[in-house]
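Structure, as structure tokens:
The values are calculated or read from the model by the stated rules, or taken from the named source; none is laboratory data. Everything numeric in this text was worked out from a predicted model, so none of it was measured. Every residue, glycine among them, receives a Cβ derived from its backbone with ideal geometry; neighbour counts consider all protein chains shown.
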Amino acid sequence: MLGHTRCISACTKARARYAASAMNQPVQTSHHEHRYLVKFLIMSVLSFFIGTVHGLLQVIPAVRSWLDSIGSPYGGPGHMIDPLAHAHINLVGGVTILGMAVTYYMLPKVTGKPIHSHRLAEHSFWWTTVGVLSFYTALLIFGIIEGNLWLSDPALVPSVHRFYGPVISVSASILAIGFWIYLANVLLTLKDIYRNADSPS
């Protein structure tokens, strides 16, 4: 009877040690869990490609001369195309979305805990992607239209530019929502980590 009791006690302690050890083990993730990050990488590569083509086009002498004649890069409609559109597709579409993917991949690796919400990660991607593409497209369209009017009939520029503010505001708001969702997801992940660390074993 005494031996049986000791055996039960030993088994209980072993289970407790195993449970405590398991709680401190890093999260094991499979490659399938990271497949949702592929679209981040594709969007980043696509943005860098668009930015590279954009940059090549705007150094063609005829294009450069036209951009300079409409105020690029310091003012006038030209600054919407160069540097605003060019910078945003590279820095936001290329660098920022790549940074999101790196964060979502590395944070669980470094902390051993999962991302707070894959659903929020998906939302951060789509809001940011739609935001930066619409922002870039709007800058190009308004820059080209207003630039041509600037040279042919400057008096018509204000009639077009009055739509610029609302369109850019909507695009920028969509982009900001993507950033905020990303930030919230990262902060909630860190909160989960420290909350689990502070909880009694």
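For every residue, the table says whether it meets (1) of a type in the set (Lys, Arg); (2) touching a Ser or Thr at 6+ places or on another chain (Cβ under 9 Å); (3) in a helix (DSSP H, G or I); (4) under 24 Å from residue 104 (Cα atoms).
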{"residue": "125", "(1), (2), (3), (4)": "no, no, yes, yes"}
{"residue": "133", "(1), (2), (3), (4)": "no, yes, yes, yes"}
{"residue": "151", "(1), (2), (3), (4)": "no, yes, yes, no"}
{"residue": "170", "(1), (2), (3), (4)": "no, yes, yes, no"}
{"residue": "181", "(1), (2), (3), (4)": "no, yes, yes, yes"}
{"residue": "187", "(1), (2), (3), (4)": "no, no, yes, yes"}
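Applying the criterion of being surrounded by 12 or more Cβ atoms within 10 Å (Cβ to Cβ), modelled with pLDDT under 95 and aliphatic (A, V, I, L, M) to the residues of the range 155-185, the residue that is farthest from residue 121 (Cα to Cα) is 156. Whether a residue is within 22 Å of the chain's Cα centre (by Cα) and either in contact (Cβ under 8 Å) with a residue 40 or more places away in the chain or more than 28 Å from residue 169 (Cα to Cα) (or both) was assessed, and residue 120 passes this test.
Among all residues of the range 42-64, there is none that is among the aromatic types (Phe, Trp, Tyr) and modelled with pLDDT under 95. For the range 56-70, filtered to residues that are hydrophobic (A, V, I, L, M, F, W, C) and in a helix (DSSP H, G or I), the residue that is surrounded by the most Cβ atoms within 10 Å (Cβ to Cβ) is 67.
Restricting attention to the range 78-94, the residues that are closer than 20 Å to residue 41 by Cβ and touching a residue at least 12 places away in the same chain (Cβ under 8 Å) total 6.
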